[in-house]
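Worksheet for the structure shown next.
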Amino acid sequence: MTKVVAKHKVDCEEVLGTFIDETHFDEIIKEDMDLYAIDPVDPDKKDESNIIFKYRKGVFTKKEQESAYEGLRPAATESQNRGIAAGPRGDRLNAKSRGGRDWVTDYQMDVIEYYEDPPLFGEFPTESSKKVDDTRGIVWLRSKIIPKYGEYEGWFDKWIAETKDFDTNQKKEAAKEVRTYMSDTNYAQSVMSGIAGFYDRYPRIPYGRACGFNERHPELFVKSFPYLRKLNEVFKKELPVRWGAQRAAANKLDKNFLIDETVFTTLTVNYDWRTAAHRDAGDLSSGFSNISGIGKGWKGCVFVLPEYRVGINLQPGDLLLVNNHEGIHGNTAFEGEDNDRVSIVAYFREKMLSLKSWEYEQLRKQFVEERRKNPDHPNQRHLWNGVSPNMWESDEWADYLKLYNMEDEDGNFSSSLEDFFAT
């Protein structure tokens, strides 16, 4: 029997970008449950307009889970592109491929800036001047520090001792030199996460496309399809209005941008990753998100909705249909070391609706690639990606369309173009 509950939403914007713990919920849900937000106008209303989540235990069979794990686990690779969901910086950048790096702390930056522009009146910065951790930052280059100081640990204190009594000009020069010990790149915390399915255009990659994972490994990706079909079926059954809105959007899209026989375009795949408090972005606002977990199992990592003071004990094979687009959510810490958790979020990317046909987007891709590889192109330069301002309004693009008998974005495709892509 499904428990049905309605709760008032509480304001907790301050938790965004921070890690959630047991202080952010009053109960852990372990059985089937529907949660609604109490409507101030109609407190008794419980429909899909105010649904917060539907949690269902044991939706997926063991075979469906195993196949999805095999097909999707490799999609989660080291990423620094998850924004505030990756959480605060902490002490080190947990970049597995680089063995970890050390952040330039707020205190260290305070000292450097103090040297660069010493105040007429003001105390030397102290550790207590540290600000709240951000989610991005720069790191120290040990390759430059260790040759000079012998070891990394304690080097900054040694540098202060050497320079603290310098005059103003000497301090400015010292600060200038120490900035050369910093990376030029702004990093975010590293997590194991990836995407699969299909993606819309954005400035650096201005064409709709298959995600890199399934483009490289289609034989793996198809193994997840039975799992995703089941998810689609349960979504339709439990939230027919939300599913219908997503189906209507999917019907406007070239079917080649949809994952198999579902209303999903894209998957986010996370592996053993505790997300900080965040809201999802990019999914269809009239649709609905979902989270499911597969793997050998895990302890801790409770899914928490702090605005409703609830945690959900998501376990392998369970499904959580949840309003991630509007609601703040995150996970508690894992417990112990022996955890194996792949979480999958399947959704419809709203910006996919701006795409044209699969053939048109493929021609845009081909156009960009030919420009990038053309050594005689007037825009050619070192590491150029083939993209330039106003390229889609250029005579070059218009001529390219004519070459393949294709009209502009609002036109139709000719049979000769279909023959081209068939070859």
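The values are calculated or read from the model by the stated rules, or taken from the named source; none is laboratory data. Please read all numbers here as calculations on a predicted model, not as lab measurements. Counting neighbours? That spans all protein chains shown, and the Cβs are built from the backbone with ideal geometry, glycine included.
Observations on the model:
- Residue match in the range 362-378 (condition: in contact with an Asp or Glu (Cβ under 7 Å, 6 or more places away or on another chain) and free of Cβ contacts under 8 Å to residues at least 40 places away in the same chain): no
- Selection of first residues in the range 38-51 that are under 14 Å from HIS8 (Cβ atoms) and of second residues that are modelled with pLDDT under 95 and exposed (fewer than 11 other Cβ atoms within 10 Å of the Cβ), restricted to Cβ pairs under 6 Å at least 6 apart or on distinct chains, gives an empty result.
- Options ALA276, ALA248; residue that is among the small types (Gly, Ala, Ser) and part of a helix (DSSP H, G or I): ALA248
- Test result for GLY244, at positive phi and either out of contact with any His (no Cβ under 8 Å at 6 or more places or on another chain) or not acidic (Asp, Glu) (or both): no
- Residue within the range 223-240 that is β-branched (Val, Ile, Thr) and surrounded by fewer than 18 Cβ atoms within 10 Å (Cβ to Cβ) present: no
- Test: residue in the range 275-284 that is more than 22 Å from the chain's Cα centre (by Cα) and in the same structural domain as ASP26 (by TED's automatic domain parsing): no
- Every pair of residues 6+ apart whose Cβ atoms lie under 7 Å, when the first sits in the range 201-230 and is closer than 19 Å to ASP254 by Cβ while the second is of a type in the set (Asp, Glu): TYR207/GLU361; GLY208/ASP200; GLY208/GLU361; ARG209/GLU361; PHE225/ASP260; LEU228/ASP260
- The requirement of being over 30 Å from TYR202 (Cα atoms) and buried (at least 23 other Cβ atoms within 10 Å of the Cβ) is satisfied by LEU305.
- Here is the figure for the range 241-270: residues that are in contact (Cβ under 8 Å) with a residue 12 or more places away in the chain and surrounded by fewer than 20 Cβ atoms within 10 Å (Cβ to Cβ) total 10.
Table: residues versus (1) farther than 19 Å from GLY71 by Cα; (2) among the β-branched types (Val, Ile, Thr).
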residue: ILE259; (1), (2): no, yes
residue: TYR271; (1), (2): no, no
residue: ALA277; (1), (2): yes, no
residue: PHE288; (1), (2): yes, no
residue: GLY293; (1), (2): no, no
residue: GLY297; (1), (2): no, no
residue: VAL302; (1), (2): yes, yes
residue: PRO306; (1), (2): yes, no
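- Here ARG73 clears all of (1) closer than 22 Å to VAL302 by Cβ; (2) modelled with pLDDT under 95; (3) buried (at least 16 other Cβ atoms within 10 Å of the Cβ); (4) not acidic (Asp, Glu) except the condition numbered (2).
- Candidates GLY336, GLY300, GLY311 - the one that is in contact with a strand residue (DSSP E or B) (Cβ under 7 Å, 6 or more places away or on another chain) and surrounded by fewer than 21 Cβ atoms within 10 Å (Cβ to Cβ): GLY300
- Unique match (being of a type in the set (Val, Ile, Thr), modelled with pLDDT of 95 or more and more than 17 Å from GLU27 (Cα to Cα)) among ILE344, ILE312: ILE344
- Only a single item in (1) assigned to a loop (DSSP other than H, G, I, E, B); (2) of a type outside the set (Val, Ile, Thr); (3) crowded, with 20+ Cβ neighbours inside 10 Å is not met by GLY317, and it is number (3).
- Top-ranked residue of the range 185-199 - restricted to ones that are modelled with pLDDT of 90 or more and hydrophobic (A, V, I, L, M, F, W, C), ranked as farthest from VAL104 (Cα to Cα): PHE198
- If only residues of the range 22-40 that are at pLDDT 95 or above and assigned to a loop (DSSP other than H, G, I, E, B) are counted, the one that is surrounded by the most Cβ atoms within 10 Å (Cβ to Cβ) is PHE25.
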